[in-house]
Structure formats: C-alpha cells, structure tokens
Amino acid sequence: MELVDVWNVLAVGLVRGGLYAQMALMLALVLGVMSIISMINGELYMIGAYVSYFAFTLFGLNPILSIACAAVATFLVGALIERGPLSMMRRRAGEDWYLNTFLLTVGLSFFLKNAAMLLWKPTYRGIRWYWEGTVSIGSIGISIDRLVALGIAALTIVALQLFLRNTRLGRAIRAVSQDERGAMLNGININTIYTISFGLACMLGGIAGGSMLSILPASPYMGTTPNNYAWLVVMLAGLGNISGAVVGGFIIGIVESVAFQFFGEGWPNVISFIILIIVLVIKPSGIFGTSVKGVWEQ
Amino acid sequence: MATAEERSKEKSLASDRIINLGYLPVGLFFVFLGVAPLLIKDEYLRHLFVVGLLFGAQAMVSDFTVGFINLSNFGFAAFFGLGAYTTGLLVTNFGVSPFIGVIAGMLMAGLLGLFTGALTMRLRGLYVAIMAWFMALALQSLTLVLVDVTRGAWGLFVPPLFESTDILPYYYTLFVITLVIYIVIKLVINSRVGLAFKAIGMDVDFARASGVNPTRYKMIAFILSCAFAGWLGGFYAHFIGILTPDLMGTQHTVEVLALNVIGGRGSLWGPLLAAFLVIPPFEYLKSLMEVRLIIYGLLLVLVMVIYPAGMAGVIWKVGELLKLHKGATYFGMEDR
C-alpha cells in the first residue's frame, strides 16, 4: 500500500469520523437530556443537506451562509418536532417511554424520508465544491472542502462543549439532564430546555449535512447509514460518555474507511459490528463507559 | 408532570396492562381464523389472510417480550430472517426436508437470541434492544456480501413446502403454528415463570429478595420469542419462495413493532387483530411505495401521540363502559 493510499484512507476516515462524531453527539444530547431514543438523526442530516443545496445552487448564497441556513432550518424543524408530537406524547405516555420514542421517531423518519422521496425523487443533488482546490502537504493532497468539513465538525463539537459548560443556558441543559426535578425546583423551565436541546441536537445534524454536501450529495435515503453508525458509536463509546462519543466517532470513521479499502462494499458494517461485539464482551459498558453513572444513567 | 427519570425507569411490565378478556372472545377469534378461509373462495382474499396472519403472529411474538418483560426487540427482523435463511440454505444446499429445516431455523434464531441476550441482558433493556437491532443490520449486510452463499440481493430461491400451488395448506400450517405459539406463550405466562414475570414487574428488588433472578427470566422470554420469530421466518421462506436481505431490514422490524403497538401491548390478541385490519389496505397500496410508507409513518406517530394503549386498550375501555368484564382482569386496575 502506497503512502498516498494510506493518506487517502485516513483522510476519508477522518471526514466520515467527523460526521459520525457529530451525529453521535446529536444522539447523546437527545438521549441524555430527554431520554429519547432518536431515530430521526439521519433525516435531520438529510434536511440539512437539502437546505444547503438549495441555498447554494438556487439562491447562490456563499458556502458559509448556506451551511448557516441549514443550521437554522434544522433547528426550527427540531423545535417543531419537539413542540408537536414529542411533547404531546410526553404528556400522555408514562410507561414504555423508550419503545414509544423509538416508534414515534421511526415513524417521523419514515415520513420525512419518503416525503423527500416524493418531492425530490431519488436523484443525487450534490455540488462539485464549495471552495475549489486542494491543499498539498508534500506529495499528498487533500481538497479544501474536506478540510473545511473536518474543521466545521471540530468547531461545532468544541462550541457545543463550551456552550454546555460555560453559558447559563448550557448549564441549565446539563442540570436537566442530571436531575429534572432538582432543575425544576431551581426555576428552570423544563419544556423550554427540552425544545432548545432538541433543536440544538437537530442543528448538529443539519450542520453535518450542509458542510459535507460536496462530499456526500443530498438524496432522500442518505441519512440511514449515518444514523446506524451514530448508534453504533454511542454503544461502542459507552452510553454515559459524551466526549467518548466523539472519539468513538473518529475510531469508527477510520475503521469504516480501512475496511472499505481492504474488503469492499458491505463489509464496513459487518466489521464495525464485530468490533462492537468484542468490546461489549470484554467491557459491557463500552470503551469509555465508567462505572460512575454518567448523565444518562441517572 | 412525570420527569424523564420516571419515564425512562424500566417499569416492567405486564402487571400493568395485561388485557385479558377471558377465553371466549379469543377462542371465537381463533375459530373465525380457522373457518373463514374455507368460506372465502377468492384466491386474493385468501392470500391476504395468510399475509395478515403471518404479520399478526409476528406482532404477537414481539408482544411476548414487549408486553410481558418490557423489552422491545428492535432487531426482530434479524431473528425472523435468520430462521428463513437457515431453512432456505439447508434445503437448497443439503436437500434437507423443509420441515426439519424450519425447526433448524427456529433453533438458530433461538441461539442468536441466547447470544444477544447473554451479551447485553445484564445491562439495561435499552442495550438489548439496540444490540438486537445491530444484529439485524450486521446479518443484513452479511447476506448482502456473501453472494456465493446467499446469492445476496439476487435473492435465494427456496422450494415450496407443498407440491400443490393451493394456498389453503399454507394457511393451515401457519394457523397451527400461530395457535401453538399462542398456547405456549399462554402456558408460560400462567406458569411459575409467568408469576416471576409479574413479580419482577411489581418490584424488582422484592422479586430478587424472594429468589427470583430477573435476568434469567427475561432471558427465557427473550429466547423463546426469538425462536418463535425464527419459526415464523422458516415458514415464510417456504411460503414466499424467494429471500432477499431486505427481510432483515429495519423496516420489517418497524412494521412488526407498529402492529404490536397499534394492536395494544400486553394483550397478545390485539396485535393479531391489528394485523388483519392494517395489512390488507397496505398490501393494496403496495405499488405506491412512498405513499404507503408516508401513511405508515403518520399512522405510527398518530397512535403514539393519541392513544398509546392501542386497539386492545380501546376495546377494553368500551367493555368497561358497558360493564362487560365479569371475571376479566386488567391487572393493576384492581390493585391500585
């Protein structure tokens, strides 16, 4: 294997890792704060990609603005979903909350996916590039778009962490994820927090979809695989660990890319899954899972 | 307002919502299922009966874990598909009799259930559900990839169960399978094991203190349910004649779980009934793929938002209003 190949595999793996890390974080946020088994991650990612595509091609906005459009749009969609079906269900269903949220979000995901299919047909809508050109380091090169996508992924992840740690709202979100009743007693409006955290999580997906548009073109079913991998990452990293999810995302991204290089299509799924089984046999709580109860294990 | 903490608490089970109408209505329902296809001469309607019963039986099997040990199986299709592919491969490659193949499929699905459960059952229920889902994804990709063995997306041709093309023998084979599964589940629920389920449902810690091992009992139910799924899968293989990896897709699982929920959790007959009401229109819409899935998605969302107790819950409510339930029980209602 040439050095260039190694580099290529690594570059693809890192970019995909960035995607999975974002998606896993999205999942982590929703599961952590609201205990929702979310299956619509992929569809928000798809919506983000479509919004960016239309903003970029139809309205000719500049790349950063198109991605920002995707972020705003997905935040709104997320807030709508939370305000609508999710909060309605929360008022009703007491038992079997996990199964209920799973089915509700799966239903929404079917709906969104196939609505997109009806609206936009199964054609791929991609762009050739946001920014033309490649950066070369020695003999090896990487396109600016990949670099920027990776940068945006890193930026959103860091920004989210800072937001959760340092702002009033972020601290409120963490408080709710740790102890709802306590948070309520301290005057935090839980419903607002729910809406904001769900919107934020959806926004993560939207940004991922928008920033990777030139690498992964928009299509109705594009979200299925990232959603599966996001769950795999979260299980692998351990349910209680948010920064573990980020590391896990990159691990799985690289594993996927390497497996694809050596075995071809279809195998990355199988191999990632085998790795997950091995990890779970050795350490049931996941690689980074600790015996200390994390935010999700409350 | 219930906090997420309370919502996500693993409230086992059954004891809260076993909707038991007594034996008469359920018996009548089974008699109807047994007689109706004889009276119907239309071949297409008979076909709908088989498909409805097939999905109904799957939803019922899924209800055994969802309704009684509060464990949703997001990988139901994996066990169904494994059963189907096991018998398919055995029959085509080794010339085994389909009847033995189906049993082998059942055993394989049970083994996979044992494996999945052994890996994750000690953890929270969420892990089992997600792990089973990954099993389905991995098996699906494996069948896609191992083209030499499974023919991948080309589809594996499986010989039929009977020589004749008449659909009635298939219907009655499935009917007997469903009846056996129903009876076995009922026997388990009414046995000491079922008592343990109930004990775990009321208070896990007390149950533990009385010597009930929750993990063990959950395993029993989970493995049984997986094996049944494999059994139905084996039948499906010989009924439909061609197997594709889509069989293990998430969509299949969701269809089964949706029927389970629409029918009503913890009632066993509810999901069976739901299948007969929901599947025919969907079969009819089969050519309009997207529209069908959009309706499916909306239906799921609506049931979840409007009435999570499902049809069995509605029927129970109606019966309650009419004061029909003498001797019938809705556990939890009388205790509290």
Q: Search segment A:100-135 for residues being free of Cβ contacts under 8 Å to residues at least 40 places away in the same chain and within 7 Å of chain B (Cβ to nearest Cβ), and hand back the single one that is surrounded by the fewest Cβ atoms within 10 Å (Cβ to Cβ).
A: A:118
(Q) Taking the condition of being open to solvent by less than 20 Å² (accessible area, probe 1.4 Å) and either within 14 Å of chain B (Cβ to nearest Cβ) or closer than 14 Å to residue A:16 by Cβ (or both), how many residues in segment A:220-244 meet it? (A) 15
Q: Starting from segment A:259-270, take each residue that is facing another protein chain (nearest Cβ under 7 Å) and list its partners that are open to solvent by 100 Å² or more (accessible area, probe 1.4 Å), counting only C-beta distances under 8 angstrom and pairs at least six apart or across chains.
A: A:267/A:260
Q.
Between a residue in segment B:125-140 that is under 21 Å from residue B:153 (Cβ atoms) and within 7 Å of chain A (Cβ to nearest Cβ) and any residue that is polar (S, T, N, Q) and open to solvent by 10 Å² or more (accessible area, probe 1.4 Å), which pairs come within a Cβ distance under 9 Å, given they are 6 or more apart or on different chains?
A. B:134/A:228; B:137/A:228; B:137/A:269; B:137/B:250; B:138/A:269
(Q) Given (1) of a type in the set (Val, Ile, Thr); (2) touching a residue at least 60 places away in the same chain (Cβ under 8 Å); (3) more than 14 Å from every other protein chain (Cβ to nearest Cβ), identify the lone condition not met by residue B:69. (A) (3)
Q. Within segment B:294-313, can one find any residue that is open to solvent by 20 Å² or more (accessible area, probe 1.4 Å) and more than 14 Å from every other protein chain (Cβ to nearest Cβ)?
A. yes
Q.
Restricting to segment A:161-185, count the residues that are open to solvent by 20 Å² or more (accessible area, probe 1.4 Å) and within 14 Å of another protein chain (Cβ to nearest Cβ).
A. 8
Q: Could you list, in sequence order, all residues of segment A:102-147 that are farther than 24 Å from residue A:211 by Cβ and among the hydroxyl-bearing types (Ser, Thr, Tyr)?
A: A:139
Q: State whether one or more residues within segment A:133-145 are at pLDDT below 85 and assigned to a helix (DSSP H, G or I).
A: yes
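For segment B:269-293, how many residues meet the condition of being open to solvent by less than 30 Å² (accessible area, probe 1.4 Å) and either of a type in the set (Val, Ile, Thr) or at the interface with chain A (Cβ under 10 Å from one of its Cβ atoms) (or both)?
Here the count works out to 4.
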Q | Matching option when the condition is closer than 24 Å to residue A:227 by Cα and either open to solvent by 10 Å² or more (accessible area, probe 1.4 Å) or of a type in the set (S, T, N, Q) (or both), among B:108, B:121 | A | B:121
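The values are calculated or read from the model by the stated rules, or taken from the named source; none is laboratory data. On a predicted model such as this, the values are computed, not experimentally measured, just so you know. All Cβ positions, even for glycine, are placed from backbone atoms using ideal geometry, and neighbour counts span all protein chains on display. Ligands, DNA and RNA are stripped out before the accessible areas are found, and what is left, the full protein with its side chains, is counted by its heavy atoms. Shrake-Rupley method; radii C 1.70, N 1.55, O 1.52, S 1.80 Å.
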